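Below is one structure, written out as structure tokens; the observations come after it.
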Amino acid sequence: MLSNFTIDIAGGESIAIVGATGSGKSTVARLLLRFYDTNSGHVFLDGVDVRKLKLRDLRQQIGVVFEDTVLFNDTVAHNIGFAKSTASQQDLERAAKLAGAHDFIGELPNGYETVIGERGFSLSGGQRQRIAIARAIIADPRVLVLDDATSAVDPSKEGEIREAMRTVMSGRTTIVIAHRPGTIALADRVVLLDGGTIAAIGTHEQLAATNMRYREVLASMDQPKKVAN
């Protein structure tokens, strides 16, 4: 539940949403995508209330990489390129390279034609995230929502995922639901949520220097989690 929540995001700006569990971080993304609508207040995209847009039109403008990546029971190529049916093999490989996925895809039994998903070749958490980021690159959305793609990844792979995130975020309006401190630094501004309200807004450096609650949230992010390569 969000209350007294107002924020303007400029075109090309990246925002990290930070807060403890239950603070309302993921609610922001779900309202933008209209997984559910507001009881009061409005969400605007380029000045248009998202409730006035057809769901298909809205979601075609927004690329999403969720923490729990969904892969189809299909080839790697189709998993990356399903949002753009006209994508060429060259397009797929470029997106995969930017996402840091091309090398491991080349090591799969049939490369880009390897079937993955529940009934296909098993991928690690980090590999799944990189496929999802490549998918977002191919879609080339106006707005990108990243539900911290590093949160379920082994620390040894975190840097690779973060670089992929940096690439796809560059020059693009981006909302990052941040679960790890390193990801926050990618954003132009940070929004600290506490109990569903905005507790502070600033750069990572500003908040780390001046806001005790922000430092507490950062410290909690450093706690070990179960991760996958």
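How many residues does segment 185-221 contain that are of a type in the set (A, V, I, L, M), in a helix (DSSP H, G or I) and touching a residue at least 24 places away in the same chain (Cβ under 8 Å)?
Looking only at segment 185-221, we keep the residues that are of a type in the set (A, V, I, L, M), and these are 185-187, 190-193, 198-201, 207-209, 212, 217-219, 221.
Now narrow it down to the ones that are in a helix (DSSP H, G or I): 207-209, 212, 217-219, 221.
Checking which are touching a residue at least 24 places away in the same chain (Cβ under 8 Å) leaves us with 217-218, 221.
Residues in segment 185-221 being of a type in the set (A, V, I, L, M), in a helix (DSSP H, G or I) and touching a residue at least 24 places away in the same chain (Cβ under 8 Å): 3 in total.
Looking only at segment 44-54, count how many residues are assigned to a loop (DSSP other than H, G, I, E, B) and over 25 Å from MET165 (Cβ atoms).
Just the residues of segment 44-54 that are assigned to a loop (DSSP other than H, G, I, E, B), to begin with: 46-47, 53-54.
Still in the list and also over 25 Å from MET165 (Cβ atoms): 47, 53-54.
So the count comes out to 3.
Yes or no, residue by residue, for (1) in a helix (DSSP H, G or I); (2) free of Cβ contacts under 8 Å to residues at least 60 places away in the same chain; (3) touching a helix residue (DSSP H, G or I) at 6+ places or on another chain (Cβ under 7 Å):
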| position | (1), (2), (3) |
| --- | --- |
| VAL28 | yes, no, no |
| LEU31 | yes, yes, no |
| ASN39 | no, yes, no |
| HIS42 | no, yes, no |
| ARG56 | yes, yes, no |
| THR69 | no, no, yes |
| HIS78 | yes, yes, no |
| ALA83 | no, yes, yes |
| THR86 | no, yes, no |
What are the residues in segment 39-89 that are of a type in the set (Phe, Trp, Tyr) and surrounded by 15 or more Cβ atoms within 10 Å (Cβ to Cβ), if any? PHE66
In segment 110-149, how many residues are part of a loop (DSSP other than H, G, I, E, B) and modelled with pLDDT of 95 or more? 2
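The values are calculated or read from the model by the stated rules, or taken from the named source; none is laboratory data. Computed from a predicted model, the values in this text were never measured in an experiment. Methodologically, a virtual Cβ is constructed for each residue, glycine included, from the backbone with ideal geometry; neighbour enumeration extends over all protein chains shown.
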